[in-house]
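Let me begin by presenting the structure, written as structure tokens, before commenting on it.
The values are calculated or read from the model by the stated rules, or taken from the named source; none is laboratory data. Owing to the predicted nature of the structure, the values given are computational and were not obtained by experimental measurement. Backbone-built Cβ (ideal geometry, glycine too); neighbour counts: all protein chains shown. Note: areas computed on protein heavy atoms with side chains; ligands, DNA, RNA excluded. Shrake-Rupley method; radii C 1.70, N 1.55, O 1.52, S 1.80 Å.
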Amino acid sequence: MLVILEGPDGAGKTSYKDTLIKKLKRLNHDQRIVTVHNGPYETPQLAEEAFSDQYDMAEAASPDTCVILDRCHISERIYSEVFREDKIADEEYWALDKKMISLGPQLILCLPPLQVSLQNWKESEDEMFRDLMKYLEVYEKYQNIRRFTKCIYRKFDYTRDLNKPMILKGY
């Protein structure tokens, strides 16, 4: 199983990942679980190298191995549009999106209400940026995630959904 978690800083990706791992361990004690945190990258070249490794890791997903990617190429595209003038070329980006989709990921968009996400962001000490306008721009881009992937996704709002069972293919 391949799970990709996307969303802005403070959106609940870590909470989702931790809850998912507990559930998977309860359901299948023998399953190997691999988690990878990605980004941000300073240049498109560094991002492309990381995504090549990330794709290799994602290919390892199987019934016996669950790979959880905390952010993927989608976040790289969103954050690079807000913070850098350069980004991965469109052709390469969409080829990567298609390649990732071919692996059958379960894309989870973690996106609580803006007020909650903002509060988490403000309280955090280790997030990558402190510019409110940039944060709002990032949040808006996640609200319009269809511009950044053709992958089918499930929206997760931890303020409503954390105690609900996670609906994952195969479980």
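Look at segment 126-154 and say how many of its residues are at pLDDT below 90 and assigned to a loop (DSSP other than H, G, I, E, B).
6
Would you say residue 80 is among the small types (Gly, Ala, Ser), out of contact with any strand residue (DSSP E or B) (no Cβ under 8 Å at 6 or more places or on another chain) and closer than 28 Å to residue 123 by Cβ?
Numbers: among the small types (Gly, Ala, Ser): yes; out of contact with any strand residue (DSSP E or B) (no Cβ under 8 Å at 6 or more places or on another chain): yes; closer than 28 Å to residue 123 by Cβ: yes.
Yes: the conditions hold for residue 80.
Hey, does segment 10-29 have a residue that's assigned to a loop (DSSP other than H, G, I, E, B) and open to solvent by 30 Å² or more (accessible area, probe 1.4 Å)?
Yes: one or more hits.
Among the residues of segment 67-115, write down those that are among the β-branched types (Val, Ile, Thr) and within 20 Å of residue 140 (Cα to Cα).
74, 78, 82, 108
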